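K.L.:
First the structure, then my questions, so here it is.
Bear in mind that the values in this text are calculations on the coordinates, not laboratory data. Just so we're clear, the structure is a prediction, and the values are computed from it rather than from any experiment. Neighbour counts run over all protein chains shown; Cβ positions are idealised from the backbone, glycine included.
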Amino acid sequence: MPYKDVETDRAYNRNRRAWLKEHGICTDCGSNYCEPGHVYCKACGVKRKQRNDAYDSRVSKTERMKALRHARISQGLCGDCGKPAEAGRPTCPRCRARRRESAQVARIRNRIKRETEAKVVTRHTGGTANV
């Protein structure tokens, strides 16, 4: 039965799933025991796999990730990791720093590649390069 308050409902479901998992009971149906190392019983695991496979065959991973990113951003979360984003930005500070560092490495790598290509071109053209 859902609670009127969404947070109370989420907390109840979180606690219920934790208790079921702790006691080795399927977190999906709540009635069957799970195989060791699993959180779903065999029947629920098969149903979940079929559902996931059907979804995967309809939508490509790129499209799913794009939809997930847009959904996260529209909720004010980081498009990459799902944590709270900074106001007015699509990413959190951690992901933004990671992206910035990655872009700097890519710029350096590209600059080195262009410089080495220019050296090869000037060597083969007798000192003139149209790069």
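K.L.:
In degrees between 0 and 90, to the nearest 10, how far off the longest principal axis of the chain does helix 93-125 point, with axes built from Cα atoms?
P.N.:
30 degrees
K.L.:
Right, another one. Each residue of the stretch 42-53 in turn: what ³J(HN,Hα) in whole Hz from Karplus with 6.51, -1.76, 1.60 and θ = phi - 60°, glycine and Pro shown as x?
P.N.:
4, 5, 5, x, 5, 4, 5, 5, 4, 5, 5, 5
K.L.:
For LEU77, which sequence-distant residues (separation of 5 or more, or a different chain) have an amide H within less than 5 Å of its own amide H, given hydrogens modelled in the peptide plane?
P.N.:
The answer is ALA85.
K.L.:
Additional query: Which FRET efficiency value, to the nearest 0.05, do you get for LYS42 and ILE73 by plugging their Cβ-Cβ distance into 1/(1 + (r/R0)^6) with R0 = 41 Å?
P.N.:
Efficiency, rounded to the nearest 0.05: 0.60.
K.L.:
Simple spin-label model, 7 Å along Cα-to-Cβ: THR116 to ASP5 in nm?
P.N.:
Output for this residue pair reads 6.1 nm.
K.L.:
Taking +1 at the Cβ of each Lys and Arg and -1 at the Cβ of each Asp and Glu, which of ALA18, GLY37, SER57 sits farthest along the dipole of the stretch 1-58 towards its positive end, judged by Cα position relative to the Cα centre?
P.N.:
Working it through, the farthest residue towards the positive pole turns out to be SER57.
K.L.:
If all Cα-Cα distances of the chain are sorted into 5 Å bins from 0 onward, what percent lands in each bin, rounded to whole numbers?
P.N.:
Whole-percent P(r) values from 0 Å outward: 2, 9, 8, 8, 11, 13, 13, 8, 7, 5, 4, 3, 3, 3, 2, 1, 0.
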